[in-house]
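Here is the structure we will look at.
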Amino acid sequence: MEKIVIEGGHRLNGSVRISGAKNAALPILIATLVAPGEHRITNVPELADISSTLSLLGRIGCPSLVSGPTVRIDTSRIAFSEAPYDVVRKMRASVLVLGPLLARHGECKVSLPGGCAIGVRPIDQHLKGLEALGCEFTLEGGYVYGRTDGLKGAEIQLDFPTVTGTENILSAAVLAEGTTVIHNAAREPEVVDLCNFLNSLGAKISGAGTSKLVIEGVSRLSPATRPYPILPDRIETGTYLCAAAACGGDLTVTNTDPELMSSVLLKLKETGCTIETGVDWIRIYRNGARLKAFKVRTEPHPGFPTDMQAQLSTLASLAEGTSSITETIFENRFMHMAELTRMGADVEISGNTATIRGVESLTGAAVMASDLRASAALVIAGLAGEGLTEVLRIYHLDRGYEKLVSKLHGVGAHIARVSDDIIDRAELQEAVNASTARAQAS
Ligand code: UD1
């Protein structure tokens with residue numbers, strides 16, 4: 001296994017190109033199942049979760065070919081309609097096959113996702129919506145078996161605007177007979193991207209981006225003639241902006257969309273950073289002044305995203321004054337706080353609120369990543385902290401950040417990816433120096 005080693009204290013200057021959004025690419029790649037034939041999807045990030053998705057589609061009988069950011073998938077034939085435990089365990093989003101497989105194939109078998117590091121995360125709302133469309137489910141041996149004799153449009157009221165739940169129901173309703181209305185639907189940009197993609201196949205979805213989605217079912221969908229480009233990753237964008245806010249410097253993220261980011265950009269402005277935006281770029285810089293404390297509460301879109309909460313925690317750790325962070329989406333999403341404390345952060349947690357008294361600086365330490373965004377928070381802490389930080393269990397980062405180390409090298413970070421076996425401090429420092437020098441020379 002590998003870990004990331006960072007020598008902190010270097011400002012970030014220059015530009016980072018943002019990849020396609022993981023959370024849009026996953027449902028879109030899986031939704032190709034609803035339209036038999038060959039699909040071309042572009043701006044797909046190179047990530048472990050994408051490889052897992054393509055291997056799941058391969059097991060279902062749909063081979064794919066990856067060429068840089070473009071993926072070709074042939075969904076002409078469905079051989080198996082199952083997402084087994086070993087796949088779902090690694091990537092919870094595999095449950096997204098439920099809707100498309102039921103719509104196209106009339107049956108499917110999906111392992112229940114179970115718990116994960118950030119909470120229980122049930123799928124009751126997915127099943128409730130699909131049942132309303134005419135699916136029947138049984139639970140056996142840790143698997144959900146679903147079948148239907150034909151989907152019929154229905155009015156569905158979600159108890160919570162679940163993102164993948166909305167996506168699962170949408171991807172089934174497009175092929176249902178009649179009209180489906182999803183009330184209290186998720187409004188996240190990735191859901192909008194899925195609606196746009198499905199419409200490019202011939203679906204009739206209106207209301208994307210609002211909490212009421214209306215889907216007129218059609219009898220058949222076909223692959224689009226043009227490749228479909230995945231929207232930019234707003235969480236990757238926000239993560240690099242937070243890194244620059246923490247380290248200081250002058251950073252521009254490109255190939256992104258500021259319109260998707262208003263709640264995050266407003267919060268970064270509150271910390272005292274200057275933000276400028278263009279159509280597809282965002283520039284952030286901070287003069288020598290310390291970051292200012294802030295209050296933030298996670299909410300469904302367009303509120304502040306839970307996927308940016310951990311990264312903001314690192315900024316709060318360094319900000320002047322006392323910040324408060326309230327997590328309302330997931331019940332167990334403060335695991336990074338204990339690791340930040342090991343680097344010198346002053347954090348007190350009460351229920352779903354963390355009170356963080358900012359310190360002048362964080363100090364490097366060996367820290368353990370618990371989930372994807374928690375890992376990003378620790379990398380930011382390492383970049384801004386003093387001395388060497390080792391971030392362990394980086395397979396989480398590989399799930400969601402394309403070429404993280406080389407993108408950070410490109411803006412002046414001193415960072416390396418090394419084997420877990422290297423523990424000697426001098427050797428770790430040498431690895432960071434060598435990797436950074438190589439990147440600067442290339
Ligand atoms: C998606 C994102 C994830 C993000 C989250 C919230 C993907 C692949 N993942 O996850 O990065 O953090 O949205 O923005 O897009 N819930 C239920 N029953 C259900 C479904 C959800 O109780 O049937 C609860 C969950 O336990 C959680 C909340 O609803 O407390 C939000 O979950 P949801 O929006 O479904 O998140 P995901 O779609 O899993």
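Read the figures in this text as sums done on the coordinates, not as results from a lab. Computed from a predicted structure; not experimentally measured. Here the Cβ positions follow ideal geometry from the backbone for every residue, glycine too, while neighbour counts run over all protein chains shown.
Taking amide hydrogens as placed 1.01 Å from N in the peptide plane, the amide H of residue 291 sits under 5 Å from those of 320, each at least 5 positions away in sequence or on another chain.
Per-residue 3J(HN,Hα) values for the range 346-352, derived from phi via the Karplus relation 6.51 cos²θ - 1.76 cosθ + 1.60 with θ = phi - 60°, read 10, 10, 10, 10, 9, x, 9 Hz in sequence order (x marks Gly and Pro).
Report the calculated FRET efficiency for residue 355 and residue 218 (r = Cβ-Cβ distance, R0 = 51 Å), to the nearest 0.05. That gives a FRET efficiency of 0.50. Database remark: amide H of residue 82 closer than 5 angstrom to the amide H of 109 (H placed geometrically; neighbours at sequence offset of 5 or more, or on other chains; Pro and chain starts carry no H).
Applying 0.36 nm per residue to the separation of residue 290 and residue 211 and subtracting their alpha-carbon distance, the gain on full extension is 24.6 nm.
Each DSSP beta bridge with both residues in the chain is either parallel or antiparallel, and the antiparallel ones are about 70%. For the chain, excluding the exposed loop sites themselves (GluC sites (Glu not before Pro), DSSP loop, at most 13 other Cβ atoms within 10 Å), the longest remaining stretch covers 1-330. Placing a pseudo-label 7 Å from each Cα along the Cα-to-Cβ vector at residue 70 and residue 320 gives an inter-label distance of 5.2 nm. Each helix, a run of at least 4 DSSP H residues, gives -39500 (n - 2.57); summed and divided by the residues of the chain, these come to -10000 deg cm²/dmol at 222 nm. Per-residue Karplus couplings for the range 198-207, computed as 6.51 cos²θ - 1.76 cosθ + 1.60 with θ equal to phi - 60°, are listed in order as 4, 5, 5, 8, x, 6, 10, 10, 10, x Hz, Gly and Pro entered as x. Please work out whether the range 22-218 counts as rounded, prolate or oblate from its C-alpha gyration tensor, where a ≥ b ≥ c are the square roots of the eigenvalues and a/c under 1.5 means rounded, while otherwise a/b larger than b/c means prolate and anything else oblate? Here the range 22-218 falls in the rounded category. Relative to one another, the C-alpha centroids of the range 1-42 and the range 278-349 are positioned 22 Å apart.
Taking the centroid of alpha carbons for each part, the range 384-437 and the range 182-209 are 38 Å apart. List the trypsin sites (Lys or Arg not before Pro) within the range 12-83 that DSSP assigns to loop and that have no more than 10 neighbouring Cβ atoms inside 10 Å. Those satisfying the criteria are 77. Annotation: lysines with alpha-carbon distance below 30 angstrom to residue 128 (same-chain offsets under eight excluded): 22, 90, 109, 152, 204, 212. In plain terms, the bigger the Kirkwood radius, the slower the diffusion; for the chain, with that radius from Cα pairs, at 10 °C and 1.306 mPa s, Stokes-Einstein puts D at 71 µm²/s. Against the main long axis of the alpha-carbon atoms of the chain, helix 163-173 sits at an angle near 20°. FRET efficiency for the residue 59 to residue 152 pair, using the beta carbon distance and R₀ = 25 Å, is estimated at 0.25.
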